[in-house]
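Below is one structure; the comments refer to it alone.
The values are calculated or read from the model by the stated rules, or taken from the named source; none is laboratory data. Keep in mind that this is a model prediction, so the values were computed, not measured. Counting neighbours? That spans all protein chains shown, and the Cβs are built from the backbone with ideal geometry, glycine included.
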Amino acid sequence: MKNQMPIIEALKRHVNRKATSWHVPGHKNGEIVADLPDFFRWDKTELAGLDDFHHPTEAILEAKGLLREVYDSEDSHFLVNGSTSGNWAMLAAVTRRGDCVYVQRNSHKSIFNALEWLGLNPIFLSPEYDEATQIAGHVSRETLQEALSLYPGGVAVFLTSPSYYGETAAIEELVALTRHYELPLLVDEAHGAHFGEAFGIRSAFEYGATAVVQSAHKTLPALTMGAWIHERLTDTQRRRLKHALQSFQTSSPSYLIMASLDYARYHREQWTVDEMRAIETSHRLFRNELNELEGMRAIVFDDWSRLILSYEGYSGEQLLNALANEKLDAEFALGSFVVCILPLYVVTKRVRKQWMKQVNDAVVKLKLKGIPSKRYIEQPIMGKIKVSSLACPLNQLEEKGHIILPLREAIGQVSLETVIPYPPGIPVLLRGERVTTEHVVSIEHHIAASVHLQGGESLQEGTLRVIEEGFVE
C-alpha cells in the first residue's frame, strides 16, 4: 500500500496514450506552442480514466483512501484551492447562518472572511504571548472556558495550531473541554501537515479534534494550493462538508496539484522515527552555530523545522532583505523576527558551512547600513482582554452609514475595514470591531516599519473608514 500513488499512475497511463486533445485546457497537451515545459502534458481535465474530483470512484477515491489510512481519519478530502477553502468548508459543515462560533483572535484572514460570508457571529479568544519574544501564540484552556461561560450558546470552536511561528496549542486539554460542552473543535493546522508519530509532534487530529485542515504544500513536497482535510464528523455534517467543498472549490481541478498531493502523502508515509531524529539533530546543530554568531538569535518553539531569527538592533525586514541578497529566501519578517521554514532533510556539515557563510555575509553587509531609527514591536491586540465580541454584527455592517476619520480620532468608533499584515495574514483590526488604542498603536507600528498591509482604503494617509456616529449604540 505504501508504494501506491493512484492519481500519478492514472496520469502516466493517460499521458502514455499520446492521444490528440479535443478538450480543455487550451494548451492541448502542451503541443499548441513549441518548447512548452513538459509539465503541460500532465495538466489534464476530468477525462475517462482520470476520475471525477467532486464525485470520485476511481483513482482519486483510491488516493483518498490511502490518505485516510495515513492520518487515521474517518474521512479525508483533497483540496486544490488551499487551506482557505478547507477552513470555509469546515465552518459551513457545523454551523447555520446566525450561529455563534468561538474563534481564535490571531487566526488567518480566511477564517474571518468565512465568518462574514457564512453569516456567523464570532466570539474572539485572545492568544497567550510569549514572555521573552512577545510573539502571539495559542489560546489557553482558561480563555476558552471564560468564553464558554460569558457567551454560552456557541455551536463550534475554531482554533489555529501551530501558529505561523511554530507554537502548538495544548490541544489535548482543549479537546477535553469542547467534548464536555459537546462542541466540535475545528483546527486550522495549515502549517502542520508534517506532524505525526515519526516527526515527534502529534497532530491536533491525533489528539481528537473533530476536523483539521492541513496545507500539504507548506511543509511537504506538494504544489502550492495543495491541501487536505481530515475529519470525524457526523453523517449530516459530512454531507454538508462535501456540499461546501463542491461549492467553494473549482469545478476545473488541477491534476498537477492533485498529483502532487498524491505524492506528498506517499512521501510522508515513508518517514521513519530514526530518519526524522537525524534531520532534527542536523537542524539543531545549525541552530547552535547560528547562536554562536555575535548578535544573532535563533530560536524554535514546538516545531523544530521552523526557525525564528533576529539580529540585535535590526528589524526583521532588514534581516530578511539581507539574507535574500545572499540568496537565502526566508518565509516572512514581522517585527524583529524572520521566520524560516527549513527543509525536511539532513543538513550536512558542508551545507551548514555554506549556509553559515551566507548568513555571516548578510549580517556583515547589514551592519554597514546602520541601525534603523524606527522598529515595529508586536503588542497584544486586545491588551488584557481575553474574550471579546464584535460591536456590530457582520451582517449589519453594510447597512450602516460611514465616515473616514484619522486613526487617532477613530478610537472608540466601529471599524468598517479589516487591516491585515501580510504575511502572515493575521488581522490587526477586524470589520465590526470597536477601535481601541491598542489597534491604532499596532497599525501605526506596522506603517512605521513599512510592513505590507492588506485592507484599509487610505491607511497610508493615516485614516480609517468607520461607522458614522449615531448608528451604533
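For residue 309, the conditions (1) more than 12 Å from residue 359 (Cα to Cα); (2) without any contact (Cβ under 8 Å) to a residue 40 or more places away in the chain; (3) touching a helix residue (DSSP H, G or I) at 6+ places or on another chain (Cβ under 9 Å) are fulfilled apart from (1).
For the range 42-85, the set of residues classified as of a type in the set (Asp, Glu) and closer than 17 Å to residue 213 by Cα consists of 69, 72, 74, 75, listed by residue number. When 414, 428 are screened for being within 23 Å of the chain's Cα centre (by Cα) and not small (Gly, Ala, Ser), only 428 passes. Being assigned by TED's automatic domain parsing to the domain that holds residue 157, touching a His at 6+ places or on another chain (Cβ under 7 Å) and either of a type in the set (S, T, N, Q) or in a loop (DSSP other than H, G, I, E, B) (or both) is a property that holds for residue 205. Filtered by the rule that a residue be of a type outside the set (A, V, I, L, M) and within 14 Å of residue 51 (Cα to Cα), the range 237-261 gives 251, 252, 253, 254, 255.
Looking at 57, 95, just one residue is among the polar types (S, T, N, Q), more than 21 Å from the chain's Cα centre (by Cα) and surrounded by fewer than 23 Cβ atoms within 10 Å (Cβ to Cβ), and that residue is 57. Only residues that are under 19 Å from residue 186 (Cβ atoms), among the small types (Gly, Ala, Ser) and part of a loop (DSSP other than H, G, I, E, B) were counted across the range 208-242, and they come to 3.
With the requirement that a residue be assigned to a helix (DSSP H, G or I) and of a type outside the set (S, T, N, Q), what does the range 243-261 give you?
Once the filter is applied, which keeps residues that are assigned to a helix (DSSP H, G or I) and of a type outside the set (S, T, N, Q), the range 243-261 yields 243, 244, 245, 248, 255, 256, 257, 258, 259, 261.
In the range 460-473 there is at least one residue matching the filter, namely being without any contact (Cβ under 8 Å) to a residue 12 or more places away in the chain and within 25 Å of residue 125 (Cα to Cα).
State yes or no: is residue 268 more than 27 Å from residue 331 (Cα to Cα) and either in a helix (DSSP H, G or I) or not basic (Lys, Arg) (or both)? Criteria not met by residue 268.
The sole residue among 49, 65, 30 that is part of a helix (DSSP H, G or I) and surrounded by 11 or more Cβ atoms within 10 Å (Cβ to Cβ) is 65. Applying a threshold of 9 Å to beta carbon distances and a minimum spacing of six or more residues, or different chains, the list of pairs starting in the range 65-85 at a residue that is not assigned by TED's automatic domain parsing to the domain that holds residue 158 and ending at one that is hydrophobic (A, V, I, L, M, F, W, C) and part of a strand (DSSP E or B) is empty. Does residue 80 count as over 31 Å from the mean Cα position of the chain (by Cα) and not charged (D, E, K, R)? Criteria not met by residue 80.
Please determine, by comparing only the residues of the range 310-331 that are more than 23 Å from residue 163 (Cα to Cα) and among the small types (Gly, Ala, Ser), which one is modelled with the lowest pLDDT. Per the criteria, the residue is 313. Between 389, 450, the distinction of being out of contact with any Leu (no Cβ under 7 Å at 6 or more places or on another chain), closer than 20 Å to residue 120 by Cβ and surrounded by fewer than 20 Cβ atoms within 10 Å (Cβ to Cβ) belongs to 389 only.
Residues of the range 61-80 that are closer than 22 Å to residue 224 by Cα and of a type in the set (Ser, Thr, Tyr): 71, 76. Among residues of the range 324-337 that are closer than 18 Å to residue 312 by Cα, those with a beta-carbon under 7 Å from a residue that is of a type in the set (S, T, N, Q) at least six positions away or on a different chain give the pairs 336/310; 336/315; 337/310.
To keep it simple, each residue is scored yes or no on (1) outside any helix (DSSP H, G or I); (2) assigned by TED's automatic domain parsing to the domain that holds residue 126; (3) among the acidic types (Asp, Glu).
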site: 412; (1), (2), (3): yes, no, no
site: 417; (1), (2), (3): yes, no, yes
site: 425; (1), (2), (3): yes, no, no
site: 432; (1), (2), (3): yes, no, no
site: 438; (1), (2), (3): no, no, yes
site: 441; (1), (2), (3): no, no, no
site: 444; (1), (2), (3): no, no, yes
site: 456; (1), (2), (3): yes, no, no
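Within the range 332-351, can you find the residues that are in a loop (DSSP other than H, G, I, E, B) and either at pLDDT 95 or above or within 30 Å of residue 196 (Cα to Cα) (or both)? Matches in the range 332-351: 342, 343, 344, 345, 346, 347, 348. In the set (1) of a type outside the set (Ser, Thr, Tyr); (2) on the phi < 0 side of the Ramachandran plot; (3) surrounded by fewer than 22 Cβ atoms within 10 Å (Cβ to Cβ); (4) in the same structural domain as residue 86 (by TED's automatic domain parsing), residue 280 fails one condition alone, (4).
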